[in-house]
Amino acid sequence: MTNAMIIPARRRRLRSATSEPTLVKWLLIGLCLAVLTVLLFAPLIAVFDEALRRGWAFALASLSEPDAQAAIRLTVLVAAITVPLNATFGIAAAWAITKFDWRGKAWVITMIDLPFSVSPVVAGLLFVLMFGANSALGVWLVANGFPVVFAVPGIVLATLFITFPFVARELIPMMLEQGRAEEEAALTLGASGWRVFMTVTLPNIRWALLYGVLLCNARAMGEFGAVAVVSGKIRGQTTTMPLMIEMFYNEYLSVAAFTMAGVLALLAFVTLTLKSALEWRYADQLAATHRH
Amino acid sequence: MNIEIEEISKDFGTTAALLPVSLSIPSGTLVALLGPSGSGKTTLLRILGGLEFPTAGRVLFDGSDATGLSVQERRAGFVFQSYALFRHMTVFDNIAYGLRARPRKSRPTTPEIARRVTKLLELIKLPDIGARYPNQLSGGQRQRVALARALAIQPRMLLLDEPFGALDAKVRKELRHGLRDIHDTTGLTTVFVTHDQEEAMELADLVVVMSIGRIEQVGKPEDIRARPKTDFVREFITA
Ligand SMILES: Nc1ncnc2c1ncn2[C@@H]1O[C@H](COP(=O)(O)OP(=O)(O)O)[C@@H](O)[C@H]1O
Ligand SMILES: [Mg+2]
């Protein structure tokens, strides 16, 4: 009797304090996998299944249609403009916030998150209000042959706004943790501010920067809400890939819709793969930092 | 090079880190700034190095006003509290950094840079670690690499912030002599910050005892020991 009670107690001691009984563990893992299957894997497979329903040739043909081509070109153009700009803004913001002390800094840090907390549709509407036909500025812009709303500049502006936080948010915690000492050391060794940035700051943040740029790019190519509002959805002119997908779908061109959706899904897949690879590298580098 | 500090004060917003302090450091002296945490030692050192600018007062180097000189123009070899080695560069590249940062016309050639880095590695008695990265070094090795990196620019003075603070007791003792040797070889005016009175007394030619933003006493170690000027000094050096 006493023996029977002592032995299980000993066994329990041997397990690490945070581990749960096996049954609970497997239940939780099972639940996790079930949710992932229903919410992620199944839809992903459905997308590709639907796209390839009539075979590869048919699917690829739908991508070479002029409207589809225009949408792909526009999406690539918008990403090509917004991603480098936001990488630059993000670095500048992170640099200013982490390397200098100035008034209003706390306020700016909060504002960087604004695009994440505002609904994209509201953001789109703000640009329509500012640059649309109801504002003096909008009228003037149209009169001078530079329409913003229902044109490519509006799409670029909306995408810039939506994707602004990605790079800055990736960099700020990392740069805060690294502090200013290395930069100051470089200055005492005679380096100019620019040289310090290029030879010390940038190499120290390169993985985090690349990671932020990847996330920024994925969102720039995938943004729907804000772009839908400012673009006017003019076929072949202001229709980006996500908008095109919706149009195809509404027109019962489901192979075309799902093929293009598949292209975006592949982009997400590539982004996630690169991101994991980077986290792997970057974890290494962070560990090295902590050993300092 | 002799350093003259004239009525330097420094405020950070509403807190006064340094009340007006004055200090005269003869050329070639090894000086310890000694005081408890928060007494303004780092602030004074950073003002000398040009990393911080005083709210009022002047700094003179060899008699000429250096208060407005930029960090780069000061040419002070600065060793930071946790060494601040460039983590993504090898030891060799760390030491060569200052030479490579020079404007083209005064920049040494690549073989000349290699020669100087090799010499500095010998000076710090670590000739074989050029290819390593900072995270592959021990604390004591890092400190010496930081010292070599600071010396590479042929500085006009050497400024060290708690150079032994991050080391264990045994290494501390060894490296004290290392610093003394390097000071004696180079003849550089050297200022180091410490909160350890034994370290200051053993190593320095001149000890500057600081309390909150104030210089309490300046003197040779034996004079300070024999005749502490204030209660604060007496308590601090016997603690
Ligand atoms: N950048 C700064 N901003 C605000 N206060 C500071 C800053 N640097 C130092 N101080 C303050 O100045 C005082 C002296 O600091 P410091 O020179 O670092 O002292 P020590 O090196 O002797 O420990 C402290 O009260 C510290 O909080
Ligand atoms: Mg200090």
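The values are calculated or read from the model by the stated rules, or taken from the named source; none is laboratory data. Just so we're clear, the structure is a prediction, and the values are computed from it rather than from any experiment. Note that we place each Cβ from the backbone using ideal geometry, even for glycine, and neighbour counts take in every protein chain shown.
Quick notes on this structure:
- Residues in the range B:131-180 that are in a helix (DSSP H, G or I), within 14 Å of another protein chain (Cβ to nearest Cβ) and basic (K, R): 2 in all.
- Looking only at residues of the range A:184-198 that are assigned to a helix (DSSP H, G or I) and surrounded by 20 or more Cβ atoms within 10 Å (Cβ to Cβ), we find that the one that is farthest from the other protein chains (Cβ to nearest Cβ) is A:V196.
- The lone exception for B:V117 - which of (1) more than 28 Å from B:G35 (Cβ to Cβ); (2) out of contact with any Phe, Trp or Tyr (no Cβ under 7 Å at 6 or more places or on another chain); (3) part of a helix (DSSP H, G or I); (4) of a type outside the set (F, W, Y) it fails: (2)
- Given (1) more than 14 Å from chain A (Cβ to nearest Cβ); (2) buried (at least 21 other Cβ atoms within 10 Å of the Cβ); (3) on the phi < 0 side of the Ramachandran plot, index of the condition B:F86 fails: (1)
- Conditions (1) within 16 Å of ligand 2 (Cβ to nearest atom); (2) of a type in the set (A, V, I, L, M); (3) over 13 Å from the mean Cα position of the chain (by Cα): number failed by B:A131: (1)
- One residue from B:V207, B:V218 being surrounded by fewer than 21 Cβ atoms within 10 Å (Cβ to Cβ), at pLDDT 95 or above, more than 15 Å from ligand 2 (Cβ to nearest atom) and aliphatic (A, V, I, L, M): B:V218
- A:E246 assigned to a helix (DSSP H, G or I), away from every other protein chain (no Cβ under 13 Å) and free of Cβ contacts under 8 Å to residues at least 40 places away in the same chain: yes
- Unique match (being under 30 Å from B:R75 (Cα atoms) and modelled with pLDDT of 95 or more) among A:E182, A:E177: A:E182
- Residues in the range A:25-76 that are of a type outside the set (A, V, I, L, M, F, W, C) and outside any helix (DSSP H, G or I) were compared, and the one that is farthest from A:F248 (Cα to Cα) is A:G55.
- Qualifying residue in the range A:201-213 (condition: more than 30 Å from A:P147 (Cβ to Cβ), assigned by TED's automatic domain parsing to the domain that holds A:A151 and aromatic (F, W, Y)): yes
- Residue-level analysis places A:M198 among those that are over 21 Å from A:V76 (Cβ atoms) and among the hydrophobic types (A, V, I, L, M, F, W, C).
- Pick from the range B:63-83, criterion among the aliphatic types (A, V, I, L, M) and in contact with a helix residue (DSSP H, G or I) (Cβ under 6 Å, 6 or more places away or on another chain), ranking: nearest to the other protein chains (Cβ to nearest Cβ): B:V71
- Hits in the range A:29-88 (condition: without any contact (Cβ under 8 Å) to a residue 24 or more places away in the chain, over 21 Å from A:R235 (Cβ atoms) and of a type in the set (S, T, Y)): A:T37, A:T88
- Between B:L44, B:L60, the distinction of being within 16 Å of ligand 1 (Cβ to nearest atom) and either more than 10 Å from every other protein chain (Cβ to nearest Cβ) or among the charged types (D, E, K, R) (or both) belongs to B:L44 only.
Every residue, every condition in (1) free of Cβ contacts under 8 Å to residues at least 40 places away in the same chain; (2) within 16 Å of ligand 1 (Cβ to nearest atom), yes or no:
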residue	(1), (2)
B:L19	no, yes
B:L33	no, yes
B:G68	yes, no
B:G77	no, no
B:A84	no, yes
B:N94	no, no
B:Y97	no, no
B:R104	yes, no
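- Condition met for A:R195 (touching a helix residue (DSSP H, G or I) at 6+ places or on another chain (Cβ under 7 Å) and basic (K, R)): no
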